[in-house]
Amino acid sequence: VGLVYMFNLIVGTGALTMPKAFATAGWLVSLILLMFLGFMSYMTTTFVVEAMAAANAQLRWKRMEKRKEDDDEDSSSGVSDSDVLLQDGYERAETRPILSVQRRGSPNIFEITERVEMGQMASMFFNKVGVNLFYFCIIIYLYGDLAIYAAAVPVSLMQVTCSATGNHSCSVGDGTKYNDTDKCWGPIRRIDAYRLYLAAFTLLLGPFTFFNVQKTKYLQIMTSLMRWIAFILMIILALIRISRGQAEGHPSMAQLSGIRNLFGVCVYSFMCQHSLPSLITPISKKKHVNKLVLLDYILILAFYSLLSFTAIYCFRNDTLMDMYTLNFTNCEIINVAFIRYFLGLFPVFTISTNFPIIAVTLRNNWKTLFHREGGTYPWVVDRIVFPAITLIPPVLVAFCTHDLESLVGITGAYAGNGIQYLIPAFLAYCSRKDTQLVFGSGTVNKHLSPFRHTFWIVFVLIWGFSCFVFVTANIVLSESKL
């Protein structure tokens, strides 16, 4: 179940922008980069699991030390460490998820039974500068996420409802290139319609940022179901069109100019590291967790390849939309109106349910970053200022641009790069040093990453920093050409 959740978490909105990125970078370059970034993401996932085990061991050891002190004070000596550990395990059984209650026998000190979020791990293993950089990276990533969501919904609504021919459902994806200044309804231009939808989206979902979002289980089940129906429909429709000989795509093998956006989209599309504590902790048998996660990554890689290859061979490069679902709102592709509207409006439903959750997460991260020990915020700061600084910047970005491929590319290439490569590598390195200091050099973490040699950590860090340089240089060079 945990691995199904991980699959659903990774395969999200990023996948919808992947076909366009594949087409602009060329199929061979795209496939090689996708496989390499999938491997890198898997490696850093094992780093995070290792750091979670080290954090659990440290928390357990601190409780043992505290229990020892209490026992010494009560003059009740003669209690062994394993007894203390067992007693601690049974006392905490009621507060743990059912699946993670340990069986009889002394649990391994590195057993992952307690959920330790990335922020908590950062505060345990990093110094103050490192913790602040961690929160800065998470905040930038969440801002990018919100900007993508805030642009994707109005873009989908604009594309589906605006039409130059007057036939609302058949004009998108037919090869006609629309400009933002083209008419939508009467005197209203397409860009005006987009901004109207953005305003409505902000007014409807923005207020959730000022409250807490809880009990979203049924919403998540519904959006997962819709997501799978939409993805399978798009793959089947593209395959049918290719099998009938109606395919128009002639993708190139390699176009280096498209690598920047493809890199960002791929990093964004493999993102799950920040949610691993919630996914891995409740799993009962964690002995083969790394192998099962590897299987997950192989399935995701196959799924992304299938979606992207069917897209680039079915549609011409110049007709592929930033949001792939919009290619299926054309009557020639599918003549069933319900399916056209379902696929065209699919991002509206799924993204709308995620927006409040991401916004509340970002707001809470801001609060944590500025938190003072024992201090509380004034009501205005807590209820007005933090939600406002959460909501306004992404809406302003979405107001200025609706280029989803670039938004996803830049978010993935910068903040995503930090969360997916740099932070897990530093967590693995610092947690190994801390474990040796606390437990001695002979202690082995049972969840040690298969990439245990220091070479892999150095490799990930060099790769992460070189990606920053490459993407920045690419942006500067392309801007100077303009």
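Pairing residues of the range 239-253 that are more than 11 Å from F315 (Cβ to Cβ) with residues that are outside any helix (DSSP H, G or I), at Cβ distances under 7 Å and at least 6 apart in sequence or on separate chains, gives S252/G26; M253/G26.
Within the bounds of the range 272-295, is there any residue that is within 20 Å of M226 (Cα to Cα) and basic (K, R)? So far as the range 272-295 goes, no, none of its residues is within 20 Å of M226 (Cα to Cα) and basic (K, R). Residue pairs whose Cβ atoms lie under 7 Å apart, separated by 6 or more positions or on different chains, with the first residue in the range 187-203 and more than 12 Å from F399 (Cα to Cα) and the second surrounded by fewer than 17 Cβ atoms within 10 Å (Cβ to Cβ), are R189/D180; R189/T181; R189/D182; R189/K183; R190/Y178; R190/D180; R190/D182. Pairs meeting the criteria (first residue in the range 397-408 and farther than 16 Å from A193 by Cα, second residue among the acidic types (D, E), beta carbons under 7 Å, at least 6 apart or on different chains) are L404/D322; E405/D322. Checking each residue of the range 411-434 against the condition of being at positive phi and not aliphatic (A, V, I, L, M) gives no match. Checking the stated criteria, I112 turns out to be at pLDDT 85 or above, aliphatic (A, V, I, L, M) and part of a loop (DSSP other than H, G, I, E, B).
Quick check on V385: is it in a helix (DSSP H, G or I) and either touching a Leu at 6+ places or on another chain (Cβ under 8 Å) or open to solvent by less than 60 Å² (accessible area, probe 1.4 Å) (or both)? No. Taking the criterion of being open to solvent by 30 Å² or more (accessible area, probe 1.4 Å), part of a helix (DSSP H, G or I), under 26 Å from F210 (Cβ atoms) and of a type outside the set (V, I, T), the residues of the range 389-432 that qualify are P393, L396, F399, C400. For the range 40-68, a tally of residues being acidic (D, E) and touching a Ser or Thr at 6+ places or on another chain (Cβ under 9 Å) returns 1.
Per-residue answers, yes or no, for (1) among the β-branched types (V, I, T); (2) at pLDDT 90 or above:
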| residue | (1), (2) |
| --- | --- |
| V438 | yes, no |
| F451 | no, yes |
| I457 | yes, yes |
| W463 | no, yes |
| C467 | no, no |
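Looking at the range 246-260, can you tell me whether even one residue there is modelled with pLDDT of 90 or more, open to solvent by less than 20 Å² (accessible area, probe 1.4 Å) and of a type in the set (G, A, S)? The answer is no, given that none of the residues of the range 246-260 is modelled with pLDDT of 90 or more, open to solvent by less than 20 Å² (accessible area, probe 1.4 Å) and of a type in the set (G, A, S). If the condition is being in a helix (DSSP H, G or I) and surrounded by fewer than 21 Cβ atoms within 10 Å (Cβ to Cβ), then the range 308-319 contributes F309, Y313, N317, D318, T319. The number of residues in the range 160-213 being out of contact with any helix residue (DSSP H, G or I) (no Cβ under 6 Å at 6 or more places or on another chain), exposed (fewer than 15 other Cβ atoms within 10 Å of the Cβ) and at pLDDT below 60 comes to 7. Listed by position, the helices (runs of 4 or more DSSP H) contained in the range 205-290 that have at least 3 residues being more than 28 Å from G144 (Cβ to Cβ) and out of contact with any strand residue (DSSP E or B) (no Cβ under 8 Å at 6 or more places or on another chain) are 217-243.
F270: among the aromatic types (F, W, Y) and closer than 15 Å to S41 by Cα, yes or no?
Working: among the aromatic types (F, W, Y): yes; closer than 15 Å to S41 by Cα: yes.
For F270, the condition - among the aromatic types (F, W, Y) and closer than 15 Å to S41 by Cα - is met.
Scan the range 360-382 for residues that are among the aliphatic types (A, V, I, L, M) and surrounded by 14 or more Cβ atoms within 10 Å (Cβ to Cβ) and the total you get is 3.
Results for (1) under 19 Å from I229 (Cβ atoms); (2) in contact with a Leu (Cβ under 6 Å, 6 or more places away or on another chain); (3) open to solvent by 10 Å² or more (accessible area, probe 1.4 Å); (4) without any contact (Cβ under 8 Å) to a residue 24 or more places away in the chain, shown as yes or no for each residue.
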| position | (1), (2), (3), (4) |
| --- | --- |
| N8 | yes, no, yes, no |
| G14 | yes, no, no, no |
| G26 | no, no, no, no |
| L34 | no, no, no, no |
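Scanning the range 320-344 for residues that are open to solvent by less than 10 Å² (accessible area, probe 1.4 Å) and among the β-branched types (V, I, T) gives T325, T329.
Candidates are the residues of the range 433-444 that are in a helix (DSSP H, G or I) and β-branched (V, I, T); the one that is surrounded by the most Cβ atoms within 10 Å (Cβ to Cβ) is T435.
Taking the stated definitions as given, is S224 surrounded by fewer than 21 Cβ atoms within 10 Å (Cβ to Cβ) and within 25 Å of G412 (Cβ to Cβ)? Spelling it out, S224 is indeed surrounded by fewer than 21 Cβ atoms within 10 Å (Cβ to Cβ) and within 25 Å of G412 (Cβ to Cβ).
The values are calculated or read from the model by the stated rules, or taken from the named source; none is laboratory data. Bear in mind the structure is a predicted one, so any value in this text is a computation, not a measurement. Using ideal geometry, Cβ is built from the backbone for each residue, glycine included, and neighbour counts are taken over all protein chains shown. Calculation scope for accessible area: heavy atoms of the full protein, side chains included, ligands and nucleic acids excluded. Shrake-Rupley method; radii C 1.70, N 1.55, O 1.52, S 1.80 Å.
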